[in-house]
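To start, the structure under review is shown below, and the notes come after it.
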Amino acid sequence: MSILKCLGVRGNQLCAARNYLKVLGFSSFHTAPNSSIEIQTQDEEVVIALGSNVGDRLHNFKEALKLMRKSGIHITRHASLYETAPAYVTDQPRFLNSAVRADTKLGPHELLAALKRIEKDMGRTDGIRYGPRPIDLDILFYGKFKVRSDILTVPHERIWERPFVMAPLMDLLGTAIDSDTVASWHSFSGHSGGLNALWEKLGGESLIGEEGMYRVMPVANGLLDWSRRTLVMGILNLTPDSFSDGGNFQSVKSAVSQARLMISEGADIIDIGAQSTRPMASRISAEEELGRLIPVLEAVMSIPEVEGKLISVDTFYSEVALEAVRKGAHIINDVSAGKLDASMFKVMAELDVPYVAMHMRGDPSTMQDSENLKYDNVCKDISSELYSRVREAEISGIPAWRIIMDPGIGFSKKTEDNLAALTGIPDIREEISKRSLAISHAPILIGPSRKRFLGEICSRPSAVDRDPATIASVTAGVLCGANIVRVHNVKDNLDAVKLCDAILKQKSSPIKFKQ
């Protein structure tokens with residue numbers, strides 16, 4: 001029964017009912033689907049769950065999100081992506097599950113109709129309940145409303161018993177209640193501690209990796225669970241002026257040889273950069289960058305050793321990112337997090353590859369200016385500034401499940417700031433978690449390799465003499481929660497990473513450093 005029917009609304013009572021609902025804190029009201037009135041004059045915030053286990057599951061998600069936007073559903077936040085074991089009917093393929101927050105002017109039954117239409121257009125047919133389906137779209141919450149009708153119940157009546165629904169839902173909320181609408185969602189749980197307490201009662205974060213549920217990132221036609229081990233990214237600079245190895249790998253032959261060496265030493269990812277981002281570096285055009293990059297990228301992609309490895313391209317130009325992915329690159333690594341090319345987010349939204357968003361103020365030529373080196377609290381400031389970039393990326397259509405974060409070691413930071421960021425990864429995650437648990441769960445990449453601050457601390461003016469300090473900084477970063485390390489010396493840093501992973505698996509509590 002709808003709110004209007006509960007109130008006994010009839011023609012001349014409409015205005016009175018509207019005023020009454022406003023007093024109660026409701027911004028709009030709706031009738032049941034068989035009624036002639038469903039009034040909606042402003043946006044309502046909604047949560048919609050997604051599931052798929054038939055066909056190309058990732059393509060199904062992308063297509064569903066695109067059709068939702070076309071249907072008047074403005075997506076504002078994405079949960080993480082989960083691969084889960086099937087529930088209820090267990091003899092079927094594994095599911096991908098996630099959820100989104102969105103704004104819409106559609107009434108609840110109009111929204112339901114739009115989602116059912118999308119499901120039908122994508123090939124869903126009536127079949128076994130809880131059985132296989134190319135796409136499943138469920139309304140979990142609709143504004144501050146509880147909706148009860150013959151065809152729709154909101155909140156979704158089985159939220160509270162399903163970890164594969166609760167995990168993405170919690171991702172969207174963050175630990176801080178950011179609006180009255182979110183407060184109402186917590187109240188709907190019926191638990192005195194709200195949704196957070198209910199999620200903990202189910203098992204909370206301990207369920208991830210257990211019960212057949214894994215947080216994953218789509219990359220290279222597969223799914224990456226970055227929690228299982230730390231990944232090593234080898235640096236391949238094609239520039240004449242990079243601070244450590246500038247000019248060493250400018251020919252295709254030398255670059256391919258270096259890629260082969262790093263792969264043989266155990267690199268999981270090769271990060272190819274054709275534009276220097278060292279302090280005070282001059283910017284080259286996208287055309288010049290492509291001229292350096294593409295011959296090497298094509299050559300590296302063609303070698304047998306690259307099978308099973310990931311290729312990343314380090315660029316802040318959307319034009320370069322687009323062409324690199326067309327040539328086979330699996331990841332785009334952007335030191336500016338979209339600030340140096342206004343088209344980057346729009347282009348990345350259309351590319352089905354992970355996107356590394358790094359914290360930096362200014363650009364490489366200005367990042368070490370005095371104004372860019374002022375912080376009130378390094379980790380809080382990095383968290384706030386980086387989150388604002390990722391938030392814009394999300395609104396532009398880049399799902400949280402394709403985001404990798406980089407705190408920007410060595411970029412617009414003094415030595416003490418770099419140390420704070422390196423060991424402050426838990427603090428950065430915690431600050432971001434207040435706004436979005438999904439983003440706080442994203443993989444974190446660190447790149448301290450041979451950076452100047454290591455030379456200052458260890459009195460090593462030459463970059464190539466900083467490998468021992470790099471290993472120490474990588475060790476500190478991994479023990480503090482880094483998931484990917486970007487290094488010049490793959491072999492020795494891989495040993496450090498393996499040791500850190502072994503230590504972390506033996507520990508029942510996080511590593512605590514001396515104060």
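The values are calculated or read from the model by the stated rules, or taken from the named source; none is laboratory data. What you are looking at is a predicted structure, and each value in this text was computed from that prediction instead of being measured. Backbone-built Cβ (ideal geometry, glycine too); neighbour counts: all protein chains shown. Only protein heavy atoms, including side chains, enter the accessible area calculation; ligands, DNA and RNA are left aside. Shrake-Rupley method; radii C 1.70, N 1.55, O 1.52, S 1.80 Å.
Listed here are the residues, each with its yes/no results for (1) surrounded by fewer than 18 Cβ atoms within 10 Å (Cβ to Cβ); (2) over 23 Å from His109 (Cβ atoms); (3) of a type in the set (D, E, K, R); (4) in contact with a Pro (Cβ under 7 Å, 6 or more places away or on another chain).
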position	(1), (2), (3), (4)
Thr153	yes, no, no, no
Phe164	no, yes, no, no
Ala167	no, yes, no, no
Gly193	yes, yes, no, no
Leu202	yes, yes, no, yes
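Examine the range 298-307 for a residue that is within 20 Å of Val216 (Cβ to Cβ), out of contact with any Asp or Glu (no Cβ under 9 Å at 6 or more places or on another chain) and in a loop (DSSP other than H, G, I, E, B), and state whether such a residue exists. Checking the range 298-307: not a single residue is within 20 Å of Val216 (Cβ to Cβ), out of contact with any Asp or Glu (no Cβ under 9 Å at 6 or more places or on another chain) and in a loop (DSSP other than H, G, I, E, B). Residues that are outside any helix (DSSP H, G or I), touching a helix residue (DSSP H, G or I) at 6+ places or on another chain (Cβ under 7 Å) and open to solvent by less than 20 Å² (accessible area, probe 1.4 Å) within the range 373-407 comprise Gly397, Ile398, Ile403, Met405, Pro407, listed in sequence order.
Taking (1) in contact with a helix residue (DSSP H, G or I) (Cβ under 6 Å, 6 or more places away or on another chain); (2) under 25 Å from Cys379 (Cα atoms); (3) not in a helix (DSSP H, G or I) in turn, Val353 satisfies each apart from (2). Against the numbered list (1) in contact with a helix residue (DSSP H, G or I) (Cβ under 6 Å, 6 or more places away or on another chain); (2) open to solvent by 70 Å² or more (accessible area, probe 1.4 Å), Arg77 comes up short only at (2). Is the range 174-186 home to any residue that is touching a Leu at 6+ places or on another chain (Cβ under 9 Å), part of a loop (DSSP other than H, G, I, E, B), touching a residue at least 40 places away in the same chain (Cβ under 8 Å) and open to solvent by 50 Å² or more (accessible area, probe 1.4 Å)? Yes, the range 174-186 has at least one match.
Being in contact with a Lys or Arg (Cβ under 6 Å, 6 or more places away or on another chain), at negative phi and open to solvent by 10 Å² or more (accessible area, probe 1.4 Å) is true of Glu431. Step by step: first the residues of the range 72-110, then only those that are over 21 Å from Arg57 (Cβ atoms) and not in a strand (DSSP E or B), then the one that is nearest to the chain's Cα centre (by Cα). Which residue is that? Across the range 72-110, the extreme among qualifying residues is Gly72.
Among the residues of the range 331-358, which ones are surrounded by fewer than 22 Cβ atoms within 10 Å (Cβ to Cβ) and under 28 Å from Val490 (Cα atoms)? Walk me through how you get there before you give the answer.
Residues of the range 331-358 that are surrounded by fewer than 22 Cβ atoms within 10 Å (Cβ to Cβ), as a first pass: 339-343, 346-347, 349-353.
Asp352, Val353, listed by residue number.
Only one entry in Asn418, Asn489 is of a type outside the set (A, V, I, L, M, F, W, C) and open to solvent by 10 Å² or more (accessible area, probe 1.4 Å), namely Asn489.
Would you mind stating whether Met213 is under 18 Å from Glu161 (Cβ atoms), touching a Phe, Trp or Tyr at 6+ places or on another chain (Cβ under 7 Å) and open to solvent by less than 40 Å² (accessible area, probe 1.4 Å)?
Working: under 18 Å from Glu161 (Cβ atoms): yes; touching a Phe, Trp or Tyr at 6+ places or on another chain (Cβ under 7 Å): yes; open to solvent by less than 40 Å² (accessible area, probe 1.4 Å): yes.
So Met213 passes the test.
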